[in-house]
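The values are calculated or read from the model by the stated rules, or taken from the named source; none is laboratory data. All of these numbers come straight from a predicted model, not from anything done at the bench. Counting neighbours? That spans all protein chains shown, and the Cβs are built from the backbone with ideal geometry, glycine included. Heads up: the accessible areas ignore ligands, DNA and RNA and are worked out on the full protein's heavy atoms, side chains in. Shrake-Rupley method; radii C 1.70, N 1.55, O 1.52, S 1.80 Å.
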Amino acid sequence: IQRFGLGYSSMYSDDLYRYIKSKGYKDDILKESGLFTYGDGKVTDKFWNRVMFPIMDMNNRVIGFGGRVMGDGKPKYLNSPETKLFDKSRNLYGLNFARTAKKRYMLVCEGYMDVISMHQAGFTNAVASLGTALTSQHASLLKRYTDEVILTYDSDDAGVRAALRAIPLLKEAGISTRVLHMEPYKDPDEFIKALGVEAFQERIDRAENSFLFELSVLQKSYDMKDPDGKTRFFQAVAAKIAEFELEIERENYIEAVTARFGISFDGMRKMVMNVLMQGVPARKTVIRRQENTQKEDGIKKSQRLILTWLTEYPKLFATISQYIRPEDFSDDLYREVASMLYGQLTNGELNPARITSQFTDPLKQREVAQLFNMALHVDNLQEQEKAISETIKKVMEHTIEQRTQQLDPTDIAGLQKLIDAKKRLQELGRLHISL
């Protein structure tokens with residue numbers, strides 16, 4: 001009671017209003033506080049006949065209240081409305097204490113009473129959202145203090161739905177998430193009273209990986225005794241695994257699914273590959289030679305411009321090298337020159353003449369020298385910066401198109417490179433080149 005500042009609002013519906021008015025406060029201020037209801041020519045307290053839970057910010061300052069009714073009144077729980085001080089989506093109950101707890105993870109509960117009973121049992125890293133579902137802002141707030149969250153929601157259907165909503169938000173924030181199972185008890189308070197603190201800690205230690213939790217919930221939607229239902233379940237699982245960008249993540253989860261659900265590793269892997277390949281356009285079997293030649297000439301011109309700009313503006317290397325690699329240059333000579341130039345720039349050097357001298361054939365020397373002297377006529381610096389961004393995009397799009405056409409569906413490494421390239425191309429839309 002003392003730690004969380006718990007209190008009580010009396011059964012009279014205007015006690016607080018009369019008290020505050022006696023201190024000289026005006027109604028225009030009181031309306032903004034969220035503590036009173038104005039209407040029909042009278043003013044009543046927002047909270048009366050309730051146990052009161054002060055909501056505190058990071059500096060232990062009260063910014064709002066929650067109230068739990070005494071008796072059978074409705075609503076059971078009532079929260080302060082949002083005010084200039086109180087934003088429900090950006091505050092978590094108990095975080096003012098939990099942020100200083102010496103634990104690597106946070107326990108996210110459903111409500112005030114869960115948090116208080118958890119702290120009373122010694123789990124001082126417990127927090128809860130304030131009468132709302134977990135939001136992306138809550139996830140970002142948690143990320144400031146931890147890289148791991150254990151969802152400690154009630155074991156009923158509402159708790160399962162809340163966990164399923166929270167998992168993707170926490171993942172998006174870069175937080176590793178696990179789910180604690182409390183069966184046969186409904187909430188942490190019931191569990192701890194029945195089995196004790198040590199048993200609850202054991203459940204925390206055995207909390208389930210959030211992805212596998214999602215799959216266990218998903219499985220309930222399918223008849224696993226029916227071959228067709230079982231197939232559709234594994235297809236749904238493959239689609240979820242395909243959402244992971246890193247190959248190593250996909251492989252790890254395929255292995256976990258194999259152990260959990262008894263499907264063969266190769267069978268699951270093929271299903272995931274099929275999902276990934278659905279996002280890759282089919283090979284073009286007919287290409288008009290003239291159009292292809294013109295396009296290739298345009299791409300080679302773009303690649304020559306990239307090499308010229310790298311010698312003219314070496315500070316661009318840090319940016320360009322994130323998107324375009326030496327292997328992205330389509331011509332053998334361009335690829336060889338790019339590899340040498342990238343090597344120099346990586347080591348903080350820039351000597352195009354030394355690269356040119358590596359070639360003994362006079363014709364090749366002339367061609368290499370031209371790669372570093374490609375001219376593009378633009379009116380001003382802004383146009384130059386825009387041209388560089390568009391050229392990088394054009395070269396990347398060509399690389400992705402070529403890899404797509406040449407990709408063997410069984411080439412996992414090649415598919416991963418293609419996925420990585422597409423991701424870099426998406427990021428390119430936010431790129432601003434500055435000379």
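Kindly indicate the residue of the range 101-130 that is open to solvent by 30 Å² or more (accessible area, probe 1.4 Å) and more than 18 Å from Gly5 (Cα to Cα) and also modelled with the lowest pLDDT among those meeting that condition. Outline the logic, then answer.
Here is the first cut: in the range 101-130, the ones open to solvent by 30 Å² or more (accessible area, probe 1.4 Å) are 102-104, 110, 113, 120, 122, 124.
The next check asks that each one be more than 18 Å from Gly5 (Cα to Cα); those that pass are 102-104, 110.
Values: Lys102: 84, Lys103: 90, Arg104: 91, Glu110: 89.
Going through the qualifying residues, I end up with Lys102.
Please count how many residues of the range 152-181 are more than 17 Å from Met106 (Cα to Cα) and in contact with an Asp or Glu (Cβ under 8 Å, 6 or more places away or on another chain).
The initial filter retains those residues of the range 152-181 that are more than 17 Å from Met106 (Cα to Cα), namely 155-161, 164-165.
Now restrict to residues that are in contact with an Asp or Glu (Cβ under 8 Å, 6 or more places away or on another chain): 155, 159, 164.
The total comes to 3.
If you take the residues in the range 32-65 that are over 38 Å from the mean Cα position of the chain (by Cα) and of a type in the set (Gly, Ala, Ser), which one is modelled with the highest pLDDT?
The first filter runs over the range 32-65 and keeps only residues over 38 Å from the mean Cα position of the chain (by Cα), leaving 36-45, 48-50.
Now drop any that are not of a type in the set (Gly, Ala, Ser), which leaves 39, 41.
Values: Gly39: 85, Gly41: 81.
Here the answer is Gly39.
Hey, any hits in the range 243-256 for a residue that's among the aromatic types (Phe, Trp, Tyr), open to solvent by less than 90 Å² (accessible area, probe 1.4 Å) and within 30 Å of His398 (Cα to Cα)? Steps first, please.
Kept after step one, since they are among the aromatic types (Phe, Trp, Tyr), are these residues of the range 243-256: 244, 253.
Next, from what is left, pick out any that are open to solvent by less than 90 Å² (accessible area, probe 1.4 Å): 244, 253.
Narrowing further to those that are within 30 Å of His398 (Cα to Cα): 244.
Taking every residue of the range 243-256 in turn, at least one turns out to be among the aromatic types (Phe, Trp, Tyr), open to solvent by less than 90 Å² (accessible area, probe 1.4 Å) and within 30 Å of His398 (Cα to Cα).
Give Lys364, Lys417, Lys422 a once-over and let me know the one that is modelled with pLDDT under 85 and more than 27 Å from Glu251 (Cα to Cα). Write out each step before concluding.
On the way: Lys417 fails: more than 27 Å from Glu251 (Cα to Cα); Lys422 fails: more than 27 Å from Glu251 (Cα to Cα).
The unique qualifying residue is Lys364.
Of the numbered conditions (1) touching an Asp or Glu at 6+ places or on another chain (Cβ under 7 Å); (2) open to solvent by 50 Å² or more (accessible area, probe 1.4 Å); (3) assigned to a loop (DSSP other than H, G, I, E, B), Ile1 satisfies every one except a single condition; which is it?
The number of the failed condition is (1).
Any idea which of Lys186, Lys230, Lys225 is within 19 Å of Met118 (Cβ to Cβ) and either open to solvent by 50 Å² or more (accessible area, probe 1.4 Å) or not β-branched (Val, Ile, Thr) (or both)?
Numbers: Lys230 fails: within 19 Å of Met118 (Cβ to Cβ); Lys225 fails: within 19 Å of Met118 (Cβ to Cβ).
Going through Lys186, Lys230, Lys225 in turn, the sole match is Lys186.
Here is a check on your reading of the model: is Asn380 more than 28 Å from Gln416 (Cβ to Cβ), modelled with pLDDT of 85 or more and out of contact with any Cys (no Cβ under 9 Å at 6 or more places or on another chain)?
Values: more than 28 Å from Gln416 (Cβ to Cβ): yes; modelled with pLDDT of 85 or more: no; out of contact with any Cys (no Cβ under 9 Å at 6 or more places or on another chain): yes.
No, not satisfied.
For Gly196, state whether it is touching a residue at least 24 places away in the same chain (Cβ under 8 Å), open to solvent by less than 60 Å² (accessible area, probe 1.4 Å), out of contact with any strand residue (DSSP E or B) (no Cβ under 7 Å at 6 or more places or on another chain) and at positive phi.
Working: touching a residue at least 24 places away in the same chain (Cβ under 8 Å): no; open to solvent by less than 60 Å² (accessible area, probe 1.4 Å): yes; out of contact with any strand residue (DSSP E or B) (no Cβ under 7 Å at 6 or more places or on another chain): yes; at positive phi: yes.
Considered against the rule, which asks whether it is touching a residue at least 24 places away in the same chain (Cβ under 8 Å), open to solvent by less than 60 Å² (accessible area, probe 1.4 Å), out of contact with any strand residue (DSSP E or B) (no Cβ under 7 Å at 6 or more places or on another chain) and at positive phi, Gly196 comes out as no.
Which residues, counting only those in the range 128-151, are under 15 Å from Cys109 (Cβ atoms) and among the polar types (S, T, N, Q)?
Within the range 128-151, Ser129, Thr132, Thr146 meet the criteria.
Tell me which residues, restricted to the range 52-67, are under 21 Å from Asp15 (Cβ atoms), open to solvent by less than 40 Å² (accessible area, probe 1.4 Å) and β-branched (Val, Ile, Thr). Reasoning before the result, please.
Going through the range 52-67, the residues under 21 Å from Asp15 (Cβ atoms) turn out to be 52-55, 62, 64-67.
Checking the rest, the ones that are also open to solvent by less than 40 Å² (accessible area, probe 1.4 Å) come to 52-55, 64, 66-67.
Once the filter is applied, which keeps residues that are under 21 Å from Asp15 (Cβ atoms), open to solvent by less than 40 Å² (accessible area, probe 1.4 Å) and β-branched (Val, Ile, Thr), the range 52-67 yields only Ile55.
Looking at Leu16, Leu85, can you tell me which residue is over 42 Å from the mean Cα position of the chain (by Cα), without any contact (Cβ under 8 Å) to a residue 60 or more places away in the chain and either crowded, with 16+ Cβ neighbours inside 10 Å or assigned to a loop (DSSP other than H, G, I, E, B) (or both)? Reasoning before the result, please.
Numbers: Leu85 fails: over 42 Å from the mean Cα position of the chain (by Cα).
After applying the criteria, what remains is Leu16.
Kindly establish whether Ile167 is in contact (Cβ under 8 Å) with a residue 60 or more places away in the chain, open to solvent by less than 40 Å² (accessible area, probe 1.4 Å) and not polar (S, T, N, Q). Step through it out loud before you land on a result.
Numbers: in contact (Cβ under 8 Å) with a residue 60 or more places away in the chain: no; open to solvent by less than 40 Å² (accessible area, probe 1.4 Å): yes; not polar (S, T, N, Q): yes.
So Ile167 does not fit the description; no.
When the range 303-325 is examined, which residues are found to be under 31 Å from the mean Cα position of the chain (by Cα), assigned to a helix (DSSP H, G or I) and among the β-branched types (Val, Ile, Thr)?
Thr319, Ile320
Report, by residue number, each residue of the range 19-45 that is open to solvent by 90 Å² or more (accessible area, probe 1.4 Å) and assigned to a helix (DSSP H, G or I).
Scanning the range 19-45 gives Tyr19, Asp28, Ile29, Lys31, Glu32.
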